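Reading through the structure tokens given below for one structure.
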Amino acid sequence: MLQAVKNALLLPDLRRKIVFTLLILIIYRAATQVPVPGVDKEILNQFLNSGSGGATIIQFMDLLSGGTLSRFSVLAMGVYPYITASIIMQLLTPMIPALEELSKEGEQGRNKINQYTHWLAVPLAALQAYGQVVIIQQSIPGIIPDFGFASNPLGTTAIIVSMTAGSMFAVWLGELITEQGIGNGVSIIIFGGIVAQMPGRIWQFVQLEQYGQLIAFSLITFVTILGIVIVTEGQRRIPVQYGKRVRGTKVYGGQSSHIPLKVNSAGMIPLIFAQSILIFPSSIASFFAGSESAFIAGTATFIVQWFSPRPDAWPYWITYFMMVALFTFFYTDIIFKQQNLAESLQRQGGFIPGLRPGKTTEDYLNTVMRRITLIGAVFLGVVAILPWIVGIIPGLGSSGGGTATLLITSTGLLIVVGVGLDTMKQLEAQLLMRNYEGFIK
């Protein structure tokens, strides 16, 4: 491992990419210190240190945002509006014929879809910025005085524009990493923000002298990472045989291969998608919590209490588990159908031993994919509700909310492991291409 790192740093081109990636991450972390205009930081700090239920929720969300939410930075939304736009475009592609045709046009078509994704990300970022400020304003009264288009249209517009610009700035930095650095830029940006939180979380345990909890959470984190790596890298290999073709005096084909079907093809997208949808009930209900009608106010308060990521809000976590599992099947099915593996095999003269090419092969692959996806869906669901599971364990969730005491969120763990593996594989490919020994032996 150390020799591989040394080899990577000795290669000028690879060293330049690594240094460039680190430089962009430093710029991003510096930009996270810029607050949203008009924020009262004293009120924000008092609220976060209060230990209230609302503070616990904000702290939990802050773990995934890389600390930008606790500072109410212009980068508080990070690259998530762009991720949401990407997911929407992926879901719309098989449904809209024009987009489906674009996806089949190679690099040019993908660039066009990427352009549409950027356009969609801007209004999504503006809407998310407004919703995020409204929710935080209701949780922390007075944090932004006179927020609203009716009372302060210019100031409100400035806040939304600054947060939208901050989000798109983060996306631009990510694309710079993709083009000139190492790994997928957007993923690296998220990775950097999440990892940057860990030293601060560890220091909190040390300050409070909670060494037992620190060891327990470190072990839980290690075991979870191990499980994520096993499931992420796990695959079912379907044997494939290619028929022999004779052209003149030469024989082509006849070799054996396999189709790797991954246990977790969806990655962390089901968790992000489920979180995005689960935010809506409590967000909408919060507008009616102050209603003059006792019934409406009571119903709204009930929804806000039970559909927020709090340790005691078990309906939220059960719904979260079910939605993650459902979206894992849904998203995997869409991605798998887009690959058209059975059709590609038939065109290339390949077949699965014992099965006819075409419809029979397609049905078999779909059946196998659904079976192994069940394992991935259950695993992702368990990882998603890990903060709740930890929070209800005696002695671990006693610090005012187990979901806020984890070193890193479950979604964050998936992102960190996924990005780490992907980046390591890219470095591995670069080293092997230059005849050096890689990381993976």
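Values as computed for the structure displayed
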| item | result |
| --- | --- |
| Failed item in (1) on the phi > 0 side of the Ramachandran plot; (2) at pLDDT 75 or above; (3) not hydroxyl-bearing (Ser, Thr, Tyr), with Gly248 passing the rest | (2) |
| Residue selected from the stretch 149-171 under the condition surrounded by 14 or more Cβ atoms within 10 Å (Cβ to Cβ) and free of Cβ contacts under 8 Å to residues at least 40 places away in the same chain, by the criterion farthest from Leu23 (Cα to Cα) | Asn152 |
| Subset of the stretch 101-154 that is part of a helix (DSSP H, G or I) and in contact with a Leu (Cβ under 6 Å, 6 or more places away or on another chain) - its residue that is nearest to Ile83 (Cα to Cα) | Ile113 |
| Candidates Ala274, Ala289, Ala294 - the one that is surrounded by 21 or more Cβ atoms within 10 Å (Cβ to Cβ) and either at pLDDT 70 or above or of a type outside the set (D, E, K, R) (or both) | Ala274 |
| Lone qualifier among Ile177, Ile182 - being part of a loop (DSSP other than H, G, I, E, B), touching a residue at least 12 places away in the same chain (Cβ under 8 Å) and under 21 Å from the mean Cα position of the chain (by Cα) | Ile182 |
| Enumeration of residues in the stretch 197-225 that are charged (D, E, K, R) and in a helix (DSSP H, G or I) | Arg201 |
| Pair list, Cβ < 6 Å and 6+ apart or interchain, from the stretch 107-124 residues that are farther than 13 Å from Ile88 by Cβ to residues that are among the aliphatic types (A, V, I, L, M) and assigned to a helix (DSSP H, G or I) | Gly109/Leu102; Lys112/Leu102 |
| Residue identified as of a type in the set (Gly, Ala, Ser) and under 21 Å from the mean Cα position of the chain (by Cα) among Ala196, Ala216 | Ala196 |
| Sole residue being of a type in the set (Gly, Ala, Ser), surrounded by 21 or more Cβ atoms within 10 Å (Cβ to Cβ) and at pLDDT below 85, chosen from Gly438, Gly350, Gly400 | Gly350 |
| Exclusive hit being surrounded by 15 or more Cβ atoms within 10 Å (Cβ to Cβ), modelled with pLDDT of 80 or more, touching a Pro at 6+ places or on another chain (Cβ under 9 Å) and not small (Gly, Ala, Ser), set Leu380, Leu365, Leu355, Leu406 | Leu380 |
| Residue, surrounded by the fewest Cβ atoms within 10 Å (Cβ to Cβ), within the stretch 8-45, restricted to residues that are farther than 21 Å from Glu179 by Cβ and acidic (Asp, Glu) | Glu42 |
| Candidates Ile228, Ile194, filtered to the one that is touching a Gly at 6+ places or on another chain (Cβ under 7 Å), in a helix (DSSP H, G or I) and buried (at least 19 other Cβ atoms within 10 Å of the Cβ) | Ile194 |
| When residues of the stretch 301-318 are limited to those that are closer than 18 Å to Ile136 by Cα and modelled with pLDDT of 75 or more, the one surrounded by the most Cβ atoms within 10 Å (Cβ to Cβ) | Ile303 |
| Flag if Arg371 is among the basic types (Lys, Arg) and modelled with pLDDT of 75 or more | yes |
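The values are calculated or read from the model by the stated rules, or taken from the named source; none is laboratory data. What you see is a predicted model; the values in this text were computed from it and never measured. Virtual Cβ from ideal backbone geometry, glycine too; neighbours counted across all protein chains shown.
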